Amino acid sequence: MKSPTLRKENVPLAAFLGALICGLGHIILGYTKRGIMILVGAAIVGTVSAFIIPWPYTLIMISPYWGWALYDLAKIVGRNTNTSDNY
């Protein structure tokens, strides 16, 4: 399976939107299925933790998942960015 080509102008937007909403950065970069899976996973984790844990602590429960999604986004950008363009 061939990975989508990244357009450099989309990377800052993807990073910003990925930090706001899990999975949205992946979708912007062309990894639509992966982004939707991450978005649905975040919704499930957030909903389940909201029923089990009171509100402020829900953020603590979703934080590792959110951090992993940002790490995955950074890994995709690093893997697909051509470093030879830097002078």
Every listed condition ((1) in contact with a helix residue (DSSP H, G or I) (Cβ under 9 Å, 6 or more places away or on another chain); (2) loosely packed, with under 15 Cβ neighbours inside 10 Å; (3) at pLDDT 90 or above) holds for residue 20 save (1)
Residue 62, sole failed condition from (1) surrounded by 12 or more Cβ atoms within 10 Å (Cβ to Cβ); (2) within 12 Å of the chain's Cα centre (by Cα) = (2)
Which numbered condition residue 55 fails, given (1) of a type outside the set (Asp, Glu); (2) exposed (fewer than 14 other Cβ atoms within 10 Å of the Cβ); (3) modelled with pLDDT of 95 or more | (3)
Just need a number here: residues in region 41-69 that are under 14 Å from residue 22 (Cα atoms), aromatic (Phe, Trp, Tyr) and out of contact with any Cys (no Cβ under 6 Å at 6 or more places or on another chain).
-> 2
Residue 31 fails exactly one of the following numbered conditions: (1) under 14 Å from the mean Cα position of the chain (by Cα); (2) over 13 Å from residue 77 (Cα atoms); (3) hydroxyl-bearing (Ser, Thr, Tyr). What is the number of that condition?
-> (2)
Filter pass, residue 28 being closer than 27 Å to residue 10 by Cα and without any contact (Cβ under 8 Å) to a residue 60 or more places away in the chain | yes
Only residues that are within 12 Å of residue 72 (Cα to Cα) and without any contact (Cβ under 8 Å) to a residue 60 or more places away in the chain: list them for region 1-23, please.
-> 18, 19, 22, 23
Subset of region 43-67 (residues that are out of contact with any helix residue (DSSP H, G or I) (no Cβ under 6 Å at 6 or more places or on another chain) and small (Gly, Ala, Ser)) | 43, 63, 67
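The values are calculated or read from the model by the stated rules, or taken from the named source; none is laboratory data. Only a predicted model underlies this, so the values are computations on that prediction, with no experimental measurement involved. Cβ atoms come from the backbone with ideal geometry, glycine included; neighbour counts cover every protein chain shown.
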